[in-house]
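Structure first, commentary second.
Read-outs: derived from the displayed coordinates by stated rules, not from any lab. Because the structure is predicted, anything quoted here is derived from the model rather than measured. Because the Cβ atoms are built from the backbone with ideal geometry, glycine has one as well, and the counts that use them run over all protein chains shown.
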């Protein structure tokens, strides 16, 4: 058995670069935030199409979810960053490619969550709204979605956390996030344990802060 | 007012029909052999302005579905509904987007003139009572927020819910919820009110209050179609009664006549079961 204690931890290089880690983490956060908002918008649209009752719309929406849920984020990153550039000559910057990949992956999950939320509502809600003469869009906007939102906040929080962790993959297409900082540090000092522990600590802290935010949001939106 | 519109209004005052339904058919799970249920099998119906039509019948006879067909929440599979002289069928023009949009717009316009009160209230839980009532006027009639708010408070006041305007549905009792729901329908200033077993989900001690509210509305001249199991109300407030069973109108006539001296066997059986 090897003696674990024989290894001498070297936290110095990590602590010296705390500002780089935080800058990298900030990039992960805003890239995730943008992707999450886009994924929610896309997800609502797909959920509405799936529940439209028109097969021409619901079938493609179903296929979209099934396919996108199955494709790994890593594959999306390569597709969007390298593949799209080669196939149609559209060049994304690494960050743009990351946002597109995260949005696509996230939208498959948010679509399912919004579908579940909409289906959880009593059919009488839509009937009452329609009987008042509201349009389909108005019914979604004023009656169904505000109620759905309250149901889906906890599962959406999970999607956000998933995307935030997914964002750490962005370093493989040369996005300079906190993982790339850890990689550089590992190469220069050969301290993989310390470097990636730093990433883990930051993520755990971010998730904790985010969860607290979700709890507050739930409380604010709670109905009497 | 144009001359034509004035004539139309004058005609309506002379007891013209507000709504005429002809040959209404409706099935659920249509096209699925085993599961298809033919709920309405050719129903005709006429309601004159100011009239109160009470629809009675055993559960599953299609009463609620009939109401839903009248305001196209469940569009009829066959037959037509003529409302204030405008004829509509359940046939959606699917091919041409422009026609389809016009059809949708017609439906919305038509629904703004028909108020509906549901068995389970169907209030919007994320809005206060006042906002529940104001939603239709702002979003379907195009009133400003202020106008809608005023109208909302006025209607809530009328049903005795003025004090509860800022409460959410979950803070109200069943009877209070139904009053708010009635106010919500009335805030649209409808020409016709549909009541779908409005008292069936209420505690017994609250039923009387809602029936009283409906009676007052009838006395104010509102045209109403009421699906109910309250025979006392049907006899007292109803002008005409329509007895339905298995998707067809079995018997129809003056409220008192039908309830006190039913001619048809099925009506007799139903009434003796419900009144005993």
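If one computes the Cα centroid of the stretch A:160-196 and of the stretch B:150-224, what distance in Å separates the two points? Using only Cα atoms to place each centre, the spacing works out to 62 Å. Hydrodynamic estimate: the Kirkwood radius of the stretch A:68-224 over Cα pairs, inserted into Stokes-Einstein at 10 °C and 1.306 mPa s, corresponds to D of 86 µm²/s.
Summed over all non-identical Cα pairs, the Kirkwood treatment of chain B gives a radius of 19.7 Å.
Give me the inter-chain shielding for B:66-74: mean count of other chain Cβ atoms within 10 Å, whole number please. Let's see the in-between values first.
Working: counts 0, 1, 2, 0, 0, 4, 2, 7, 1.
Partner Cβ neighbours, averaged per residue: 2.
Dividing the mean sequence gap of close Cα pairs (under 8 Å, 6+ apart) by how many residues chain B holds gives a relative contact order of 23 percent. Ellipticity at 222 nm from helices only: DSSP H runs of n ≥ 4 in the protein assembly as shown, each -39500 (n - 2.57), divided by the residue count, give -18000 deg cm²/dmol. Peptide B:121-128 has a mean shielding of 6, counted as Cβ atoms of other protein chains within 10 Å of each residue's Cβ.
What does DSSP give for the protein assembly as shown in terms of the percent of beta bridges that are antiparallel, rounded to the nearest 5?
Values: 24 of 41 bridges.
Bridges in the protein assembly as shown are about 60 percent antiparallel.
Distance between the modelled labels on residue A:119 and residue B:205, one decimal in nanometres: 4.1 nm (7 Å Cα→Cβ projection). If R0 is 25 Å, the Cβ-Cβ spacing of residue A:57 and residue A:96 corresponds to a FRET efficiency of close to 0.30.
Could you state, as a whole-number percent, how many of the C-alpha pairs of the stretch B:130-170 are farther apart than 16 Å? Don't jump to the answer; show the numbers that get you there.
Values: 235 of 820 pairs.
Roughly 29 percent, rounded to a whole number.
Peptide packing: for A:28-37, B:79-88, the average count of neighbouring Cβ atoms within 10 Å per residue gives the ranking A:28-37, B:79-88, highest mean first.
Taking 56 Å as R0, compute the FRET efficiency from the Cβ-Cβ separation of residue B:109 and residue A:16 and round it to 0.05. Mind dumping the intermediate values first?
Working: r = 70 Å, r/R0 = 1.26.
FRET efficiency, residue B:109 to residue A:16: 0.20.
Shape class for the stretch A:1-148, computed from the alpha carbon gyration tensor (a ≥ b ≥ c): prolate, with a/c not under 1.5 and a/b above b/c. If one computes the Cα centroid of the stretch B:80-114 and of the stretch A:70-107, what distance in Å separates the two points? Computed from Cα coordinates, the inter-centre distance equals 45 Å. Sorting the segments A:6-13, A:79-86 by their residues' average number of neighbouring beta-carbon atoms within 10 angstrom, most packed first, yields A:79-86, A:6-13.
Can you tell me how the stretch B:17-99 classifies by the Cα gyration tensor, rounded, prolate or oblate, using a/c under 1.5 as the rounded cut?
Working: a/c = 2.63, a/b = 1.09, b/c = 2.40.
Oblate, since a/c reaches 1.5 and b/c is not below a/b.
Take each peptide in B:65-78, B:209-222, count the other Cβ atoms within 10 Å of every residue, and average; sorted highest first, the result is B:65-78, B:209-222. Within the stretch A:195-220, find all residues whose amide N lies under 20 Å from a label point positioned 7 Å from the Cα of residue A:7 along Cα-to-beta-carbon. Under cut-off, by backbone N: A:195-204. Cα centroids of the stretch A:25-65 and the stretch B:231-276: 53 Å apart.
With viscosity 1.306 mPa s and temperature 10 °C, the Kirkwood radius over alpha carbon pairs of the stretch B:198-276 converts through Stokes-Einstein to a diffusion coefficient of 119 µm²/s. In the stretch A:182-224, the C-alpha radius of gyration followed by the widest Cα-Cα span (Dmax) gives 17.1, 57 angstrom.
Neighbouring Cβ atoms from other chains, within 10 Å of the Cβ of residues in A:132-141, number 6 on average.
Grab the beta carbon distance between residue B:219 and residue B:84, set R0 = 25 Å, and tell me the FRET efficiency rounded to 0.05.
Numbers: r = 22 Å, r/R0 = 0.90.
For R0 = 25 Å, the calculated efficiency reads 0.65.
Can you pull the percent of Cα pairs in the protein assembly as shown with separation above 28 Å? Provide the component values of the computation, followed by the final result.
Numbers: 79885 of 124750 pairs.
In whole percent, the share of Cα-Cα pairs in the protein assembly as shown beyond 28 Å is 64.
One quarter of the convex hull surface, Cα atoms only: what value does that give for the stretch B:44-145 in nm²? Don't jump to the answer; show the numbers that get you there.
Working: hull surface 35.7 nm².
Spelled out: convex hull of the Cα atoms, projected over all directions, averaged, 8.9 nm².
For the stretch B:125-276, the Kirkwood hydrodynamic radius from C-alpha pairs, put into Stokes-Einstein at 10 °C and a viscosity of 1.306 mPa s, yields a diffusion coefficient of 94 µm² per second.
By definition, a body whose alpha carbon gyration tensor gives a ≥ b ≥ c is oblate when a/c is 1.5 or more and a/b is not larger than b/c, and the stretch A:1-67 fits this oblate description.
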